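Colleague: After the structure tokens below, expect a handful of questions from me.
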Amino acid sequence: MARSLLALAKTLCFILHVQSCTCGEAEIIGGKKVKAHSLPHMALLYNSEEEPRCGGTLLSSTWVLTAAHCFKYKIDTVRLGVVTIKNSKTDGFVQARKVARQYQHPCYNADTNIHDLWLLKLSQAVEETTAIKYLPLANTISDPKEGTICMVAGWGLVKVDIKEMSDDLMSADVTVIKRETCNLTKYNNTGYTITSDMVCAGTVEENQVVRDTCQGDSGGPLMCNGEQVGITSFGIGCANRTKPGVYAFLSKQHIDWINGKIKNESYSEECATQ
Ligand code: ARG
């Protein structure tokens, strides 16, 4: 009896140990399901084939902020209030709008991923409901300090090897990593430079499952202390401990461009700085 109890205890210890180890390296990866309607500013962006491809945030009744590189997916519809992709076309909480006009940040560069910002003007106003809310940007956003815990969310891949969007909206906490660190070869071996217009964030604890955004999460928000600080932009693979995700930072220059466009669509298109 005592022996079998010991054996049972050993087995339990083993199982518990396995569960708390870092084996789930590649598992928004490493995140959790978001409670329905608890991120009411999250937008899901669809291509002309009605396939979801990117995330975004609803800034006001007619403007959605996302990543410039999502342009390549030929985005033409935005859905708000989505909980699961499978119900997104029938769910009564969902409001769908066509993209009427779109503006990429004038300095966006697909080779360097710099200024990865895209504004979509919707064909018709979206109404605020319990499931849908606007998320106006702050006037200035301070550079998040190293170690700040931020949240990322999206319907992107939950496993690197399963190339399918997640049916559920997922979120995860990621930690801000200093640019100097992110630009070290160990963290960044592809030649991309993390500029002051970008924020790097990932999993810094050695003993925890890696959390990261992944394909399909692009355009979604990086939220730090309740405000949007960035936009999911790129990474080197996903959920690689030493290759953190990179986010377009809502720097003064970016906020000025966004607010300028929202106020007046013919706001200067020129790219003053790279
Ligand atoms: N570029 C991706 C997208 O289109 C986002 C990738 C983020 N990658 C990362 N490792 N954090 O959805």
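Computed from the coordinates by the stated procedures, all read-outs in this text should not be read as laboratory data. Fair warning: this is a prediction, and the values are worked out from it, not measured in the lab. Here the Cβ is made from the backbone with ideal geometry for all residues, glycine too, and neighbour counts use every protein chain on show.
Colleague: For n ≥ 4 DSSP H runs only, could you compute -39500 (n - 2.57) per run for the chain, divide by its residues and tell me the 222 nm figure to the nearest 500?
Modeller: One gets -4000 deg cm²/dmol as the mean residue ellipticity at 222 nm.
Colleague: Sticking with this structure for a sec: How many percent of the alpha carbon pairs in region 175-227 exceed a separation of 19 Å?
Modeller: So the portion of pairs separated by more than 19 Å is 36 percent.
Colleague: Place a +1 charge on the Cβ of each Lys and Arg in the chain and a -1 charge on the Cβ of each Asp and Glu, then give the dipole magnitude about the Cα centre in debye, rounded to the nearest 20.
Modeller: 460 debye
Colleague: Please list 3J(HN,Hα) in residue order for region 51-57, calculated via the Karplus relation 6.51 cos²θ - 1.76 cosθ + 1.60 where θ = phi - 60°; whole Hz, with x for glycine and proline.
Modeller: Going residue by residue, I get 9, x, 10, 8, x, x, 10 Hz, with x marking Gly and Pro.
Colleague: Hey, can you rank 125-134, 197-206, 259-268 by average C-beta count inside 10 Å, highest first?
Modeller: Numbers: 125-134: 15.3, 197-206: 21.2, 259-268: 12.8.
The most tightly packed comes first, giving 197-206, 125-134, 259-268.
Colleague: Sort all Cα-Cα distances of region 122-274 into consecutive 10 angstrom bins from zero, then give the percent of pairs in each bin up to the one containing the longest distance.
Modeller: Histogram of Cα-Cα distances, whole percents per bin: 10, 36, 34, 17, 2, 0.
Colleague: Same structure, new question: Taking the Cα centre of region 133-272 as the origin, how large is its charge dipole in debye, to the nearest 20, when only Lys and Arg (+1) and Asp and Glu (-1) carry charge on their Cβ atoms?
Modeller: Its charge dipole is roughly 200 debye.
Colleague: Related question: In angstroms, what radius of gyration and Dmax does the chain have, counting Cα atoms only?
Modeller: 19.8, 81
Colleague: Relative to a virtual label point 7 Å from the Cα of ASP91 in the Cα→beta-carbon direction, which members of region 156-170 show backbone nitrogen distances below 12 Å?
Modeller: 167-170
Colleague: I've got another one for you. How do 77-84, 242-249, 161-168, 35-42 rank on mean C-beta neighbours within 10 Å, highest first? Please report the intermediate quantities before stating the final value.
Modeller: Details: 77-84: 21.8, 242-249: 26.0, 161-168: 14.2, 35-42: 17.2.
The most tightly packed comes first, giving 242-249, 77-84, 35-42, 161-168.
Colleague: Based on the alpha-carbon gyration tensor of region 65-163 and its eigenvalue square roots a ≥ b ≥ c, which shape applies: rounded if a/c is under 1.5, prolate if not and a/b is larger than b/c, or oblate?
Modeller: Rounded.
Colleague: Among the lysines, select those whose C-alpha is under 20 Å from the C-alpha of LYS186, and discard any that sit fewer than 8 residues away in the same chain.
Modeller: The reachable lysines, counting only those whose Cα sits under 20 Å from LYS186, are LYS178, LYS243.
Colleague: Of the listed pairs LYS121/LYS263; LYS74/LYS159; LYS145/LYS252, which have alpha-carbon separations greater than 18 Å here?
Modeller: Distance filter (> 18 Å) returns LYS74/LYS159.
Colleague: Between region 162-200 and region 124-138, how many Å separate their Cα centres?
Modeller: 28 Å
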